[in-house]
Structure formats: C-alpha cells, structure tokens
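Engineer: Questions regarding the structure given below will be posed in turn.
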Amino acid sequence: MCGIIACVGDSDDAVDELLVGLENLEYRGYDSAGLAVKNGGDPAVFKRKGEISRLKDVLADETPSGGLGIGHTRWSTHGPPTDANAHPHTGCGDRVAVVHNGIIENHGALREELRARGHVFDSDTDTEVIPHLVEEHLAEGVSPETAFRRTVRRLSGSYAVAMLVEESDAVYATRSGSPLVVGVDDGEYFLASDVPAFLDFTDDVIYLDDGDVVVARPDGHVITDLDGNAVERTVQTVDWDPEDAGKGGYDHYMLKEIHEQPTALRQTLRGRVDAQTGEVALEDFPPGTFEDVSRVQFVACGTSYHAGIVGARLLGARDVPARAFLASEYATSPPPVDGETLVVGVTQSGETADTLAALRRARAAGARTVAVTNVVGSTAARECDDALFIRAGPEIGVAATKTFSSQVVSLTLLGERLVRDVTGSRSDDVEELFAALSDLPGQVQQVLDYTKARRVAKRYRDSDAYFFIGRDTGFPVALEGALKFKEITYEHAEGFAAGELKHGPLALVTPETPVFAVFNGRDHEKTLGNVKEVEARGAPVVAVATDDDEAAFEHAETVLTVPETHPDVAGVLANVQLQLLSYHAADLLGRSIDKPRNLAKSVTVE
Ligand code: M6R
C-alpha cells in the first residue's frame, strides 16, 4: 500500500509538484503524508499524521524549496498512523531520506542487526531499516549508488523505494513486487506508484520491471538491473487526460466514475464485437488462442471477485467448466491445476497482492494465465502470459464502480472467445448477447438519467441493516451491492443468494431491514418466492427490476427500474442502481465517500 512520488529537476518547485503528486496518489492511502526536498545539503524532511492538508499547513510555515524531492502518502502496515511512522524515513543522521511502498519481510532481523551495531530507530516501520543500511554503506566510503544497490540486495519482500542522499543530486529508486513508473518531461523526471500522480506534468511514461534501478538527475536518467547492467525501457505515451484524473465537476470521484460508465463501456467494447455477425475480435486473442484449455479459474478480490463470479457463470452456462476463487484463499489452498487450466486474474489495479500471489502460484503449477486489468504496465499485466485491458480509464474513488461494469463486459467477450475455442461452437444466443452488449452503454445512461436512488436511500436511511439478494448472475450483483453499501456508508449490509435466505439469514429479517432484490430475468418465480418470504416478515422490499415487471411492482414497496436486456448482462444495469443507492446513502450520512475509513484503493499487501 502507500503512494510514492519523486521529482527531479533543476528548478526550485519540487515541493509544489510533490504536493500535486501526493494529492493524486491519496487514494493509495491517507494515514499520513510527508516529503523530503533537497537544496544543496541534507534532505529536509517534513511529515505529518493525517491527510495531506496537515502536511501543507506545516509547509506553509517552513516554505522549503529545491529541485529534487521525494514524497509519500501512507496506508499503515507496520505501526499506527503517527508523525514518527510517516515517511520519509532517515537513518541516525539526516544524510539519507527514503520513501517506500510495500513490505520489507526481513525488517525484524535487519533491525536487530543494525541495533546491535548502534543504530537507533525512531519509528515502528519496516521501512526505516533502509536508510540505516544505506548510511552504513556510505560510511564504508562507497558512492550513494553502490550504497543503494548493496542495501536493496539485503531486502526481501515487496518494495518500491525512492531515496535522496546528502552528497548527490540524484534520486535513486527501485521496485520489486510494488509498482513504480517514471514520468519523463523536458529536463525533468517523476517517479511514482501510479501514472495519475504526475499526469498534470507529463504523459510520457516508462514502466519499470522488478529489479530495475533508476538513477535520475536533472540532466538524464539511467536504468540498470541490480548488478548495474544497463536495461532498455521504452517511453510510452499514455492517453489519459489529466482532466480524467480530476473530479470534473462532481462532488466525488465515485459519482463521476459512476457517470462515466457509458463512456467506459463504449471504450471497453470499441472494435471488439460485431453485433450483426456475432464476431468477437480481441487484440491478443485470435480464434484458436484457447484451443488447449479445458477449464477456467478466475482469481480476484472484492469487486473484481464479483465480476469473476459473473465470468464463471457465463462460461459454466455454455459448457466450459469454470469457477471463481477468492484470490487470498486460492493462494493458500489452490484447486487442481494443469497445463490445460487457464487462470484469469481479474484486477482493476493489476497490483493487488492476493491476486498476484494466486496468479504466481497458478503459473508455477503449470497453468496459463491471463490478466483482465485496467492498468497497462501493471504487475499483473506484465507477469501473466497475456492481458486483456478493460479500458475503463483511471478510477480514483476507492469504491470500484465503472471498472466492475467494464470487467463484466470484458469477461463476457473473453468468455465468448473461450466458448468458441473450447467447445468448437459459438454460444447459441450470441447475437442476442452481443446486441445487448452494444445497447448497454445507452441503457446505463438511461439508468443514470432516470434513477430515483437518492429518494430510496432517504426513505430507508434509518434502517438497522441492509440485505441484498439475487440469483444466478444476480447473485454476484447482490454481493457487490452489499459490499459497496457497507464500504462507503459503514452501515451493516450483507448480500445473499436469494435461495439461501431461508437457510439462516431470514432470522435477521425484520421490518427495520430493507431487502434489495435483484431480478435479472432468470428464475423470476423463485426470486419472487424469496421476496414473498421477506415480505411476510414485514421487511420492506426494494426490487431492482424492469418497469414491466408487474409481480415485482406488486410485492416490492419500491422498484428501482432498469431497461430490459439479456439476463447475462442485466446485472450491470441493476448494479448501477445499487452503486447510486450506496453513493446517496453515504452522502446523506456525510461519509468520506472517496476515501472510506480503513480502506485503500490498491491493496498491495497479502
Ligand atoms: O485492483 P483490484 O481490482 O485487484 O482490487 C480488488 C479489491 O481490493 C477491490 O475491488 C475492492 O474490493 C473495491 N475497492 C471495492 O469497491
């Protein structure tokens, strides 16, 4: 977790640029923020517990300047959010300053060793061993670069690290298992955990590989491996507009991203389907790509896992054996895997540690892997055999919204490729399915234009708990509806398979617990039966159903309507209503919608 940023230039405005970068990275963690800036001598360090505004207050009094700096926004892993645990960290003196994202697994042993040699530690963090080690190597008389390399060799775990040293005009950085990208501008460099950090300044990006060491000075940069051998990394231009990374007039990123779904879905679909002929054209997956596959496993976490369940159901219904696994469980007790197993990692960020661990395990066991991700150049995209990009654009709100919709659509397309390659024939209903996909962006727009989610949120705002039920592809949507609701409202919310209610959860249902029922067009009668069970216990029912669904209107207290579509993608429309419901419920409660407590956008620790 955490976000890191570094600026290398010869003007004096590194602090301003670091602050912009930190604000753009705040979605990665917001327990504390800090920066170090160099103007000749020692790096000057400023850091504070809490959000970046607190750091800004400190900087307003101090007004440091310099062209070289590193910054950090923290999501705590070792030690509570305190000023002392905020980054940058220094050694015993102020010669070295370091920011780090990831976990140094052997920090305990290193700390003991360093303590025995007289080092004194100021924080509880795993990171602090790094500047102390560098300091020791510098004392041996080696160059800062050598001291950095020698230190990195001692680390095990996952890390992206950036460092400033008193006697040098360079930023030293490396990555292993945690993201780090380089932004290249005229006479200036940026290093950051993610591209949006520096999009205000440049859209030219170098994606680093694990083991790369970057030494960036105002007049140039060098990238080498850990042994010092030069490595070639190309500069790529990203087409993300800095506007895209801003709120664009909405009160919250989440609301903006919910409203971006029609555009995001058009991007996801562009050039990939022909609704007339039923053809699917995925860049790196021509016909026959998956001929050797006999079963598919999806691994993912949170919202992406819910998309994975949809993907597995689509395949299962079309005679391709498929299952979705929570990545954290898959990594500890994996199911059987062989050379005919395709393991699909569904991950918006491409950096989720649990998902990466599951994918690595699958690869080691001989499976072929595909990353379905939003981030080109992410670890998942680079480590898997292939990648399918969902093209949703940057998502800043911690709550995943547009990326769920784009994941479901991407998995539907990938699913059809798989069905054809594995079974030798197209899905029976492919024309209807693809026509539904083509209509989906417009239908999402309709939901956005006519929703009454805010009224519904108001009506049930004083409830004790909130339950969500659904069947088939409506089941993952019920799970997703509940996840979103609890994540941003902090209210108790649970999602259940509609048929499971009577096996336990019904005991929780009272007149104070509204039940949101997702009707997706399949097994309508059975879902209706479950709604009646709820109704009989006096619970208010909110149906998510089409506006001609008379039974839903008869039995529900309220209906959130969605346009008619193919049952396999109906969940996307229902989910948009539930996203809006959660958003408005959280807004009415005054919650921190884009940065819910205890959570971070990208979970890069297991
Ligand atoms: O980046 P990923 O898709 O791998 O992230 C997985 C989960 O952490 C993520 O979907 C999380 O559940 C969402 N923030 C929930 O809204």
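The values are calculated or read from the model by the stated rules, or taken from the named source; none is laboratory data. Keep in mind that this is a model prediction, so the values were computed, not measured. No Cβ is skipped: glycine too gets one built from the backbone with ideal geometry, and neighbour counts run over all protein chains shown. Heads up: the accessible areas ignore ligands, DNA and RNA and are worked out on the full protein's heavy atoms, side chains in. Shrake-Rupley method; radii C 1.70, N 1.55, O 1.52, S 1.80 Å.
Engineer: Please state which of the following conditions Gly538 fails to meet, knowing it meets all the rest: (1) outside any helix (DSSP H, G or I); (2) in contact (Cβ under 8 Å) with a residue 40 or more places away in the chain.
Structural biologist: Of the numbered conditions (1) outside any helix (DSSP H, G or I); (2) in contact (Cβ under 8 Å) with a residue 40 or more places away in the chain, the odd one out for Gly538 is (2).
Engineer: If I ask for residues that are part of a strand (DSSP E or B), open to solvent by 30 Å² or more (accessible area, probe 1.4 Å) and out of contact with any Ser or Thr (no Cβ under 9 Å at 6 or more places or on another chain), which ones from region 20-73 would you list?
Structural biologist: Result: Ala44, single match.
Engineer: Please find, within region 137-156, the residue that is surrounded by the most Cβ atoms within 10 Å (Cβ to Cβ) out of those that are in contact (Cβ under 8 Å) with a residue 24 or more places away in the chain and of a type in the set (D, E, K, R).
Structural biologist: The selected residue is Arg149.
Engineer: If you go through region 382-419 one residue at a time, how many are within 15 Å of the ligand (Cβ to nearest atom) and without any contact (Cβ under 8 Å) to a residue 24 or more places away in the chain?
Structural biologist: 1
Engineer: Those residues that are crowded, with 24+ Cβ neighbours inside 10 Å and either among the hydroxyl-bearing types (Ser, Thr, Tyr) or within 14 Å of the ligand (Cβ to nearest atom) (or both), I need them from region 352-366; list them, please.
Structural biologist: Those that are crowded, with 24+ Cβ neighbours inside 10 Å and either among the hydroxyl-bearing types (Ser, Thr, Tyr) or within 14 Å of the ligand (Cβ to nearest atom) (or both): Thr352, Asp354, Thr355, Leu356, Ala358, Leu359.
Engineer: Can I ask one more? Given the residues Tyr172, Tyr159, which is the only one that is of a type in the set (Ser, Thr, Tyr), assigned to a strand (DSSP E or B), more than 25 Å from Asp10 (Cα to Cα) and open to solvent by less than 30 Å² (accessible area, probe 1.4 Å)?
Structural biologist: That would be Tyr159, the only listed residue that is of a type in the set (Ser, Thr, Tyr), assigned to a strand (DSSP E or B), more than 25 Å from Asp10 (Cα to Cα) and open to solvent by less than 30 Å² (accessible area, probe 1.4 Å).
Engineer: Further question on the same structure: Could you check region 223-263 and list, in sequence order, the residues that are modelled with pLDDT of 95 or more, β-branched (Val, Ile, Thr) and closer than 16 Å to Arg391 by Cα?
Structural biologist: Within region 223-263, just Ile258 meets the criteria.
Engineer: Kindly evaluate Val409 against the criterion of being open to solvent by less than 10 Å² (accessible area, probe 1.4 Å) and in contact with a Ser or Thr (Cβ under 8 Å, 6 or more places away or on another chain).
Structural biologist: Against the criterion (open to solvent by less than 10 Å² (accessible area, probe 1.4 Å) and in contact with a Ser or Thr (Cβ under 8 Å, 6 or more places away or on another chain)), Val409 qualifies.
Engineer: Right, something else. With the requirement that a residue be more than 16 Å from the ligand (Cβ to nearest atom), over 13 Å from Gly571 (Cβ atoms) and of a type outside the set (Phe, Trp, Tyr), what does region 470-497 give you?
Structural biologist: Passing the criteria: His492, Ala497.
Engineer: Give me the residue from region 301-323 that is away from the ligand (no atom under 14 Å from the Cβ) and either part of a helix (DSSP H, G or I) or not assigned by TED's automatic domain parsing to the domain that holds Ser425 (or both) and, out of that set, farthest from the chain's Cα centre (by Cα).
Structural biologist: Filtering region 301-323 for residues that are away from the ligand (no atom under 14 Å from the Cβ) and either part of a helix (DSSP H, G or I) or not assigned by TED's automatic domain parsing to the domain that holds Ser425 (or both), the one farthest from the chain's Cα centre (by Cα) comes out as Gly316.
Engineer: Looking at region 330-337, is at least one residue at pLDDT 95 or above and either out of contact with any helix residue (DSSP H, G or I) (no Cβ under 8 Å at 6 or more places or on another chain) or within 16 Å of the ligand (Cβ to nearest atom) (or both)?
Structural biologist: No; the residues of region 330-337 include none that is at pLDDT 95 or above and either out of contact with any helix residue (DSSP H, G or I) (no Cβ under 8 Å at 6 or more places or on another chain) or within 16 Å of the ligand (Cβ to nearest atom) (or both).
Engineer: What number of residues within region 375-393 satisfy the criterion of being open to solvent by 10 Å² or more (accessible area, probe 1.4 Å) and not charged (D, E, K, R)?
Structural biologist: 8
Engineer: Please verify whether region 450-461 includes one or more residues that are under 29 Å from Arg28 (Cβ atoms), modelled with pLDDT of 95 or more and assigned to a helix (DSSP H, G or I).
Structural biologist: Looking through region 450-461, at least one residue is under 29 Å from Arg28 (Cβ atoms), modelled with pLDDT of 95 or more and assigned to a helix (DSSP H, G or I).
Engineer: Could you give every pair whose Cβ atoms fall below 6 Å, whose first residue belongs to region 516-530 and is in contact (Cβ under 8 Å) with a residue 24 or more places away in the chain and more than 21 Å from Gln579 (Cβ to Cβ), and whose second residue is open to solvent by 10 Å² or more (accessible area, probe 1.4 Å) and assigned to a loop (DSSP other than H, G, I, E, B), counting only separations of at least 6 or pairs across chains?
Structural biologist: Arg522/Asp472; Asp523/Arg471
Engineer: When residues of region 325-342 are filtered for being more than 22 Å from Arg391 (Cβ to Cβ), surrounded by 23 or more Cβ atoms within 10 Å (Cβ to Cβ) and more than 18 Å from the chain's Cα centre (by Cα), how many remain?
Structural biologist: Summing the residues that are more than 22 Å from Arg391 (Cβ to Cβ), surrounded by 23 or more Cβ atoms within 10 Å (Cβ to Cβ) and more than 18 Å from the chain's Cα centre (by Cα) in region 325-342 gives 1.
Engineer: Only one of these conditions is not met by Phe434: (1) within 27 Å of the chain's Cα centre (by Cα); (2) away from the ligand (no atom under 16 Å from the Cβ); (3) surrounded by 24 or more Cβ atoms within 10 Å (Cβ to Cβ). Which number is it?
Structural biologist: (1)
Engineer: If you scan region 563-591, which residues turn out to be more than 14 Å from the ligand (Cβ to nearest atom) and not hydrophobic (A, V, I, L, M, F, W, C)?
Structural biologist: Residues satisfying the conditions are Pro563, Glu564, Thr565, His566, Pro567, Asp568, Gly571, Gln577, His584, Asp587, Gly590.
Engineer: While we're here: Does Leu59 satisfy the criteria of being of a type outside the set (Gly, Ala, Ser) and at pLDDT 95 or above?
Structural biologist: No; evaluated as a whole, the condition is false for this residue.
Engineer: What number of residues within region 269-279 satisfy the criterion of being within 27 Å of the chain's Cα centre (by Cα) and at negative phi?
Structural biologist: Residues meeting the conditions: 4.
Engineer: Taking the options Thr379, Thr369, name whichever one is over 19 Å from Arg417 (Cβ atoms) and within 16 Å of the ligand (Cβ to nearest atom).
Structural biologist: Among Thr379, Thr369, only Thr379 is over 19 Å from Arg417 (Cβ atoms) and within 16 Å of the ligand (Cβ to nearest atom).
Engineer: How about region 1-59: which of its residues are among the hydroxyl-bearing types (Ser, Thr, Tyr) and within 12 Å of Val99 (Cβ to Cβ)?
Structural biologist: Result: Ser32, single match.
Engineer: Pairs please, first residue from region 592-603 and without any contact (Cβ under 8 Å) to a residue 12 or more places away in the chain and part of a loop (DSSP other than H, G, I, E, B), second anywhere and among the acidic types (Asp, Glu) and within 11 Å of the ligand (Cβ to nearest atom), Cβ atoms under 7 Å, 6+ apart in sequence or on different chains.
Structural biologist: none
Engineer: Determine if region 78-89 includes at least one residue that is closer than 29 Å to Asp169 by Cβ and in a strand (DSSP E or B).
Structural biologist: Checked region 78-89: at least one residue is closer than 29 Å to Asp169 by Cβ and in a strand (DSSP E or B).
Engineer: Given the criteria within 12 Å of the ligand (Cβ to nearest atom), open to solvent by 10 Å² or more (accessible area, probe 1.4 Å), at pLDDT below 95 and touching a strand residue (DSSP E or B) at 6+ places or on another chain (Cβ under 8 Å), does Ser349 qualify?
Structural biologist: yes
Engineer: While we're here: Which ones in region 366-377 are modelled with pLDDT of 95 or more and not hydroxyl-bearing (Ser, Thr, Tyr)?
Structural biologist: Gly366, Ala367, Arg368, Val370, Ala371, Val372, listed by residue number.
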